[in-house]
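Notes for the one structure printed next.
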Amino acid sequence: MKIIDNKGAPPELVRAIVHEAELIHSVKRVIFDAFIKDLNGDLGAFNPTNGVIIIDLGNCLTNKSWMKKGFMFIANAWLNLLMTAFHELAHAAQLDLEPALANLDRLPQIYEDEATETAGIRVVNWTDEHPIPKLNELGWVGDQMKAIFNDLYFTMPDMVGEELDLEGTEIAAYAEQRAHTSREYSTEQETALLLKQIDDGMIGKKVGEKRYLTAYEAVAM
Ligand SMILES: [Zn+2]
């Protein structure tokens with residue numbers, strides 16, 4: 001498998017991909033780039049006819065799907081990158097098992113769902129074992145985020161300060177927002193229970209008066 005890095009992919013992402021791809025034969029090349037027109041905003045793609053995975057660092061930076069679930073800004077971008085990589089690798093693994101999939105114009109939804117589910121499990125396992133990389137470890141994506149923080153500093157100093165203070169720690173999500181969109185803690189009582197568990201030191205972390213969850217806790221719930 002060949003890595004073609006046109007922008008500066010996070011080294012940890014490349015490591016995760018190389019490790020995961022070890023036993024997958026259908027992936028021949030992984031290309032990192034940013035804001036690729038043909039992707040139409042998609043975060044990545046796998047082409048079964050030539051075995052090329054594309055990961056769009058730019059779209060992973062700007063897509064806010066994890067933030068909508070209560071994750072912080074740096075965590076959002078990292079989880080997009082990781083989820084995209086594992087999702088596209090899951091498609092390559094599907095092709096290993098069923099080569100005829102390459103003849104289809106469009107992959108049936110069941111294969112999409114399966115790839116997303118597999119990727120979700122990989123992301124949970126990854127966050128169990130690793131901290132989210134720091135800005136300086138995120139390559140091009142980290143540089144973009146630094147520029148964004150500089151721009152935002154005057155209008156949103158608290159948000160920027162919070163991101164930079166917690167950078168490189170286990171903390172990745174705002175507990176209350178995360179609870180609202182989770183399966184386990186979405187009702188008012190369940191959210192209250194989660195916040196109490198944080199106060200009691202059983203889960204998450206309290207910094208001053210603010211309650212957070214670790215990446216692993218927040219991804220798994
Ligand atoms: Zn897919």
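The values are calculated or read from the model by the stated rules, or taken from the named source; none is laboratory data. Quick caveat, the model's predicted, so the values are computed rather than measured. No Cβ is skipped: glycine too gets one built from the backbone with ideal geometry, and neighbour counts run over all protein chains shown.
Answer yes or no as to whether His87 is touching a residue at least 24 places away in the same chain (Cβ under 8 Å) and in contact with a strand residue (DSSP E or B) (Cβ under 9 Å, 6 or more places away or on another chain). Walk me through it before giving the result.
Working: touching a residue at least 24 places away in the same chain (Cβ under 8 Å): yes; in contact with a strand residue (DSSP E or B) (Cβ under 9 Å, 6 or more places away or on another chain): yes.
For His87, the condition - touching a residue at least 24 places away in the same chain (Cβ under 8 Å) and in contact with a strand residue (DSSP E or B) (Cβ under 9 Å, 6 or more places away or on another chain) - is met.
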query: Restricting attention to region 168-184, which residues are surrounded by 19 or more Cβ atoms within 10 Å (Cβ to Cβ) and of a type in the set (D, E, K, R)?
result: Arg178
- prompt: Which of (1) near the ligand (Cβ under 9 Å from one of its atoms); (2) touching a residue at least 12 places away in the same chain (Cβ under 8 Å) is the odd one out, the single condition Trp126 does not satisfy?
  reply: (1)
- request: Please give the helices (runs of 4 or more DSSP H) falling wholly within region 159-221 in which 3 or more residues are at pLDDT below 95 and either outside the structural domain of Arg122 (by TED's automatic domain parsing) or on the phi > 0 side of the Ramachandran plot (or both).
  value: none
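Of the residues that sit in region 59-71 and are under 17 Å from Asp33 (Cα atoms) and in contact (Cβ under 8 Å) with a residue 40 or more places away in the chain, which one is farthest from the ligand (Cβ to nearest atom)? Don't jump to the end; show me each part of the working.
Here is the first cut: in region 59-71, the ones under 17 Å from Asp33 (Cα atoms) are 59-63.
From what's left, in contact (Cβ under 8 Å) with a residue 40 or more places away in the chain: 60-61.
Numbers: Cys60: 14, Leu61: 19 Å.
Only one residue fits best here, namely Leu61.
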Single unsatisfied condition, Lys68 versus (1) surrounded by 16 or more Cβ atoms within 10 Å (Cβ to Cβ); (2) assigned to a helix (DSSP H, G or I); (3) within 20 Å of the chain's Cα centre (by Cα): (1)
Where a residue in region 148-176 is closer than 23 Å to Lys196 by Cβ and its partner, wherever it lies, is among the aromatic types (Phe, Trp, Tyr) and assigned to a helix (DSSP H, G or I), with Cβ under 9 Å and at least six apart: Glu170/Tyr216; Ala172/Trp78; Ala172/Tyr216
- request: Take region 93-107 and flag every residue that is modelled with pLDDT of 95 or more and within 11 Å of the ligand (Cβ to nearest atom).
  value: Gln94
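Taking region 187-205 only, how many residues are of a type outside the set (A, V, I, L, M) and surrounded by 14 or more Cβ atoms within 10 Å (Cβ to Cβ)?
The number of residues fulfilling the criteria is 5.
May I ask you to say which residue of Ile74, Ile36, Ile55 is within 15 Å of the ligand (Cβ to nearest atom) and at pLDDT 95 or above? Before the answer, list the steps.
Details: Ile74 fails: within 15 Å of the ligand (Cβ to nearest atom); Ile36 fails: within 15 Å of the ligand (Cβ to nearest atom).
Only one candidate qualifies: Ile55.
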